[in-house]
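Participant: Please see the structure below; I have some questions.
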Amino acid sequence: GEDPLEAAYARMPHGVYEGLRTHDGNRLFALDRHLERAARGCRQRGLPGWEPLDVRRALARVLDRHAGDLRVRIDFLPSPAVDLGGTGTVLLGLRPLVLPSEDIYREGVGVQPMTELFRKDPEVKGAAFATQRHAHQWDTRDNYEPILTSAEGDLLEGVMSNFLAIQGGVIRTAGGGVLPGITRQVVLEL
């Protein structure tokens, strides 16, 4: 059936979001960078302001109540999600983290290029894109995660991940037209 959390995201006003996961229960990878990217996106879209410290405190309160690692989504909305009973413009969504199976790590998966889905503004992690990607068929062994392509056929990014390749000992990734991914940025810095 329909995923109730994804259905809720589709009904709420679309703004900017960040998606990340916890490690060891309450540790978040590069949270500062995620919040900085979200703040830039909110400014670009003219969304209401918010305080990073308030978001950090809310995350700490929520994460302290849960055992195990989680997928975390933080939405920064243009207006409250009244359909969901919300009164604020920052929404935290949590679900248990389900990692790929061991055989996927061992054997790998296929990916396919996707030309019909693209980010209208790659500099902003817009929530409308997250809703649009669910209209497409993927998450199969042959097409585990599609790779977005440019009009010229260049590989840009996965629908839920960064895309980097090593060719001849050199890391290759799109020079532009992609979301400024946090993991991508860290890998390039290293």
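Participant: Taking the solvent-accessible surface of protein heavy atoms with a 1.4 Å probe, what is the per residue accessible area of region 47-190 in Å²? Please report the intermediate quantities before stating the final value.
Facilitator: Numbers: 8600 Å² over 144 residues.
For region 47-190, the solvent-accessible area averages 60 Å² per residue.
Participant: Moving to a separate point now. In nm, to one decimal, how far is the modelled label at residue 140 from the one at residue 24, with both set 7 Å along Cα→Cβ?
Facilitator: According to this spin-label approximation, the distance is 4.1 nm.
Participant: Would you please name the GluC sites (Glu not before Pro) within region 82-190 that are DSSP coil residues with at most 16 other C-beta atoms within 10 Å of their C-beta?
Facilitator: The qualifying sites are 116, 123, 152.
Participant: Now, a different point. Longest exposed-loop-site-free stretch of the chain, with trypsin sites (Lys or Arg not before Pro), DSSP loop and at most 10 other Cβ within 10 Å?
Facilitator: Looking at the chain, 121-190 is the longest stretch - no exposed trypsin sites (Lys or Arg not before Pro) with at most 10 other Cβ atoms within 10 Å.
Participant: Just want the answer: with Cβ charges of +1 for Lys and Arg and -1 for Asp and Glu, which residue in 90, 171, 147 is farthest toward the dipole's positive end in the chain?
Facilitator: 90
Participant: How much length, in nm to one decimal, is gained on full extension between residue 116 and residue 102, taken as 0.36 nm per residue of separation minus their Cα-Cα distance? Provide the component values of the computation, followed by the final result.
Facilitator: Numbers: separation 14, 0.36 × 14 = 5.04 nm, distance 3.10 nm.
In short, 1.9 nm is gained.
Participant: Carbon and sulfur: what percent of region 10-84's accessible surface (1.4 Å probe)?
Facilitator: Summing carbon and sulfur atoms, their accessible area is 48 percent of the total for region 10-84.
Participant: Just to confirm the filter: which GluC sites (Glu not before Pro) across region 1-65 are DSSP coil and have at most 11 other Cβ within 10 angstrom of their Cβ?
Facilitator: Those satisfying the criteria are 2.
Participant: Search the structure for amide H atoms under 5 Å from the amide H of residue 21, placed 1.01 Å from N in the peptide plane, and list their residues when 5 or more places away or on another chain.
Facilitator: Under 5 Å from the amide H of residue 21 lie the amide H atoms of 29, 72, each far enough along the sequence or on another chain.
Participant: Follow-up. Taking Cα atoms, how many degrees apart are the long axis of helix 52-63 and the longest axis of the chain, rounded to 10 and kept between 0 and 90?
Facilitator: That works out to roughly 90 degrees.
Participant: Can I ask one more? Just how large is the dipole of the chain about the Cα centre, in debye to the nearest 20, putting +1 at every Lys and Arg Cβ and -1 at every Asp and Glu Cβ?
Facilitator: 580 debye
Participant: I want to verify a result. In a Gaussian network model of the chain, Cα cutoff 10 Å, which of these has the top mean-square fluctuation: 81, 130, 165?
Facilitator: Among 81, 130, 165, the largest GNM mean-square fluctuation belongs to 165.
The values are calculated or read from the model by the stated rules, or taken from the named source; none is laboratory data. Source: prediction; values computed, not measured. All Cβ positions, even for glycine, are placed from backbone atoms using ideal geometry, and neighbour counts span all protein chains on display. We work out accessible area using only protein heavy atoms, side chains counted, and drop any ligands, DNA or RNA first. Shrake-Rupley method; radii C 1.70, N 1.55, O 1.52, S 1.80 Å.
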